[in-house]
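Okay, so here's the structure we're looking at.
The values are calculated or read from the model by the stated rules, or taken from the named source; none is laboratory data. This one's a predicted model, so the numbers in the text were calculated from it and none came from an experiment. All accessible areas refer to the heavy atoms of the entire protein, side chains included, with ligands and DNA or RNA removed. Shrake-Rupley method; radii C 1.70, N 1.55, O 1.52, S 1.80 Å.
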Amino acid sequence: MLEIFQYVLLILAFAIAGILIYAATKPDHGTVARSIVIKAPPERIFPLIDNLRTMNTWNPFAKTDPAMKGVYSGPDDGKGAAFDFDGNKNAGAGRCAITSSVPSSKVTMSLVMTRPFACDNVVEFTLVPSGDTTTVTWAMSGPAPYLARVMGTIFNMDRMVGGQFDKGLSDLKALAEK
């Protein structure tokens, strides 16, 4: 019986070592991006992104915790607009601030999370018109420290975050196409 237990521990140790080694080989920078085609001009879609109050009506991350505390600061829209939030374990805590705003084509944001995991990411929304539609891309990129790479080995972060991006873009599309 003791011998079987030792084999199980040895196999478990090799599995953990394998995950740790594999995580060390992953890139130290990550990006998640999703796109959707919306039947609306960029001028109709842009204000739904460039104003954080409006964005939080369709942003799935803002809907994660209905009791989330949030404080808006700066201008209503564009560069300098910010949203500090503190929510439950699923929503986390941090700050989202617009760092650049190019009317009807691009909004860049800084997303600094303090909880559940610290991160400092760049979020970009790009709007590319084509005829009577606009392709909207929601991308997030940032450093991937070792612990994040270990978690990414165990959990598919692209699918988890990307799934939220897909939901948000779908809600944005419904709002913009009204």
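Pairs exceeding a 29 Å alpha-carbon distance, out of Lys39/Lys89; Lys26/Lys63; Lys89/Lys178; Lys106/Lys178: Lys39/Lys89; Lys26/Lys63; Lys89/Lys178. With the biggest extent put first, the Cα atoms of segment 1-95 measure 68, 31, 24 Å across the principal axes. With one equal scatterer per alpha carbon and no solvent term, the Debye-computed log10 I(q)/I(0) for segment 1-54 at 0.13, 0.16, 0.17 1/Å reads -0.63, -0.71, -0.75. Residues whose amide H falls under 5 Å from that of Ala40, counting only those 5 or more places apart or on a different chain, are Thr134, with hydrogens built in the peptide plane.
Probe radius 1.4 Å, ligands and nucleic acids ignored: give me the carbon and sulfur share of the accessible area of the chain as a rounded percent. Percent of accessible area from carbon and sulfur atoms in the chain: 64. When the chain is treated as a Gaussian network with alpha carbon springs shorter than 10 Å, the biggest mean-square fluctuation among Met151, Met55, Met140 belongs to Met151.
Per residue, the chain exposes 58 Å² of solvent-accessible protein surface, assessed with a 1.4 angstrom probe and all protein chains in place.
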